[in-house]
Amino acid sequence: MISSHSPLKPNAVIGIVGGGQLGRMSAIAAARLGFRTHILTTEANGPAAQVSHAVTCGKYDDPAALDAFASAVDVVTFEFENISADALDLLATHCPVHPSGHILRISQDRLAEKTFFASAGIPLAPWHAVTDIKTLHEAAEKVSLPLILKTTRNGYDGKGQRRVHHIHDLEDAFNALAPHPLVAEGMVDFACEISVMVVRSADGTVRCFDPALNRHWNGILDLTLAPAPIDPNIAAQAVKLATTIAEKLELVGILGVEMFVDRTGNLLVNEMAPRPHNSGHWTMNACPQDQFDMHIRAVAGLPLPHAVRHSDAIMKNLVGPEDMALLPQIMATQGFIPHLYGKKEARVGRKMGHVNILFPYSALPGDLGIQDALGPLATKTAAPEPEENSAAS
Ligand SMILES: Nc1ncnc2c1ncn2[C@@H]1O[C@H](COP(=O)(O)OP(=O)(O)O)[C@@H](O)[C@H]1O
Ligand SMILES: [Mg+2]
């Protein structure tokens with residue numbers, strides 16, 4: 001028997017802060033479980049609002065909008081991290097908020113996040129806080145070159161980062177990034193990048209989906225392979241790290257943990273996101289209960305079943321006008337399971353949807369088979385380094 005924790009009743013209203021695709025897929029999962037959803041968004045007819053029963057349109061720091069939203073919902077969660085943790089705290093005076101503002105505060109700031117990871121014994125690449133030219137040079141000495149300078153806040157899809165290979169480029173990189181402070185990280189010569197989706201309920205039950213392998217293109221997630229084709233001992237270690245993080249944070253809800261596997265098979269945690277995650281979209285078709293079902297269950301106080309995988313899967317993101325131009329072929333390809341986000345305009349670099357492709361359990365093919373399975377989407381081979389990304393906009 002799986003135990004429950006004062007669950008929400010059918011037809012209760014789950015408030016979701018943020019109106020993008022993660023909110024959309026969370027709302028669909030909530031509807032499957034018999035709940036209603038109410039979206040707080042700046043965009044009246046965005047991806048989440050289109051599939052929810054109510055919308056409050058307003059700014060995330062507008063007390064009137066926050067009040068109206070909070071008074072209409074039974075519990076609050078969020079689908080993106082650009083709401084202020086203070087606003088979440090304000091919402092928490094009206095109803096439960098999962099995950100908590102405390103967790104959001106940590107995940108919003110790379111320095112707070114690294115400090116938390118270090119205190120929890122989580123292995124990290126060498127890092128150093130950079131506040132000025134003096135600490136910049138200290139950082140270069142401490143983490144050594146090559147390094148990556150990152151803004152501590154508001155980075156996403158590789159934005160807000162500069163790679164530094166030569167000492168004479170150090171100050172230019174520092175000056176190009178804003179706002180300060182920054183964090184310097186030693187560049188990890190990784191064999192691959194993996195992620196683990198971990199869910200925890202208020203009663204302390206923790207479930208992890210199988211680690212998946214992620215490949216990026218221009219700093220944006222391109223492909224996820226599930227399960228990650230890595231040594232089972234490394235996969236087990238990754239699950240252990242994600243579990244430790246969820247437990248130390250007293251997480252309620254879902255959280256994605258990104259990790260590097262270095263050339264010697266060591267794991268280094270890169271970052272975390274306390275919300276459903278793009279690298280967990282494969283679960284939508286390869287698992288009886290996907291990341292969104294599990295997240296909504298945790299938020300609603302429902303029992304958490306085991307995060308079982310019944311199939312292997314490839315998840316391919318559909319990004320920008322190039323991928324959307326292939327929509328007729330995508331829709332016509334046998335075996336493609338498309339998920340579209342309802343965005344009107346396919347701007348360059350914008351995530352428009354994704355395609356899942358399933359394989360029998362334990363039958364994920366190698367690279368050639370993957371390219372073959374991708375059919376009309378098999379266009380990208382090697383990911384260029386995102387050298388030119390400047391500060392987040
Ligand atoms: N210390 C590092 N060493 C090597 N590659 C890194 C390092 N930090 C980031 N990267 C690369 O840049 C990508 C984006 O960095 P990340 O810190 O995950 O920022 P974002 O918030 O944009 O996802 C990572 O997925 C990885 O490919
Ligand atoms: Mg990342």
Q: Determine which residues of segment 155-188 fall in the zone a paramagnetic label at residue 131 would reach in this model, i.e. backbone nitrogen under 17 Å from the point 7 Å along Cα→Cβ.
A: 179-184
**Q.** For segment 126-186, convex hull volume per residue from C-alpha positions, Å³
**A.** 66 Å³
Q: Could you state how much accessible area residue 142 has, in square angstrom rounded to the nearest 10, with a 1.4 Å probe and all protein chains kept in place?
A: 130 Å²
Q | Amide H contacts of residue 37 (H built 1.01 Å from N, under 5 Å, at least 5 apart or other chain) | A | 14, 53, 54
Q: Can you tell me what the convex hull of the Cα atoms of the chain projects to on average, as an area in nm²?
A: 18.8 nm²
Q) Heavy-atom accessible area per residue, segment 126-186, 1.4 Å probe: how many Å²? A) 49 Å²
**Q.** When segment 13-107 is reduced to its Cα atoms, the Kirkwood hydrodynamic radius in Å
**A.** 12.7 Å
Q. What is the set of long-range amide H partners of residue 217 at a cut-off below 5 Å, with H atoms built 1.01 Å from backbone N?
A. 222
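Any number yet on Rg/Rh for segment 265-308, C-alpha, Kirkwood?
Result: Rg/Rh = 1.04.
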Q: May I ask what percent, to the nearest 5, of DSSP beta bridges between residues of the chain are antiparallel?
A: 80 percent
Q | Proximal charge balance of residue 128 [Cβ under 13 Å; K/R count +1, D/E count -1] | A | +1
Q.
If you average the alpha carbon positions of segment 211-285 and of segment 1-51, how far apart do those two centres end up, in angstrom?
A. 24 Å
Q | For segment 190-377: rounded, prolate or oblate by the Cα gyration tensor [a/c cutoff 1.5] | A | prolate
Q: Give the calculated FRET efficiency between residue 345 and residue 11 to the nearest 0.05, with a Förster radius of 41 Å applied to their Cβ-Cβ distance.
A: 0.75
Q) For the chain, which whole percent of the accessible surface, found with a 1.4 angstrom probe, sits on carbon and sulfur atoms? A) 53 percent
Q: Check the straight Cα-Cα distances from residue 316 and name the lysines below 29 Å, setting aside those fewer than 8 residues away within the same chain.
A: 150, 159, 240, 343, 344, 351, 380
Q) What's the center-to-center distance, using Cα atoms, between segment 332-352 and segment 124-151 in Å? A) 38 Å
Q | Top positive-direction residue, dipole computed over the chain with Cβ charges, set 279, 342, 145 | A | 342
Q) When the chain is fully extended, how far beyond the present Cα-Cα distance does residue 327 get from residue 54, taking 0.36 nm per residue of separation? A) 95.3 nm
**Q.** Solvent-accessible heavy-atom area per residue, rounded to whole Å², over segment 190-377 at 1.4 Å
**A.** 37 Å²
Q: Pop out the ³J(HN,Hα) list for segment 98-106 in order, Karplus 6.51 cos²θ - 1.76 cosθ + 1.60 with θ = phi - 60°, rounded to Hz; leave Gly and Pro as x.
A: 10, x, 6, x, 4, 5, 4, 4, 5
Q | In range of the label at residue 180: residues from segment 81-116 whose backbone nitrogen is under 15 Å from the point 7 Å along Cα→Cβ | A | none
Q. In nm, to one decimal, how far is the modelled label at residue 167 from the one at residue 262, with both set 7 Å along Cα→Cβ?
A. 2.3 nm
Q: Report the extension gain between residue 44 and residue 153 in nm, rounded to one decimal, defined as 0.36 nm multiplied by the number of residues separating them, less their alpha carbon distance.
A: 36.6 nm
Q | Inter-probe distance in nm under a simple model that places probes 7 Å from Cα toward Cβ, at residue 233 and residue 378 | A | 3.4 nm
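The values are calculated or read from the model by the stated rules, or taken from the named source; none is laboratory data. Note that the structure is predicted; figures quoted are calculated from it, not measured. Counting neighbours? That spans all protein chains shown, and the Cβs are built from the backbone with ideal geometry, glycine included. SASA here: full protein model, heavy atoms, side chains in, ligands and nucleic acids out. Shrake-Rupley method; radii C 1.70, N 1.55, O 1.52, S 1.80 Å.
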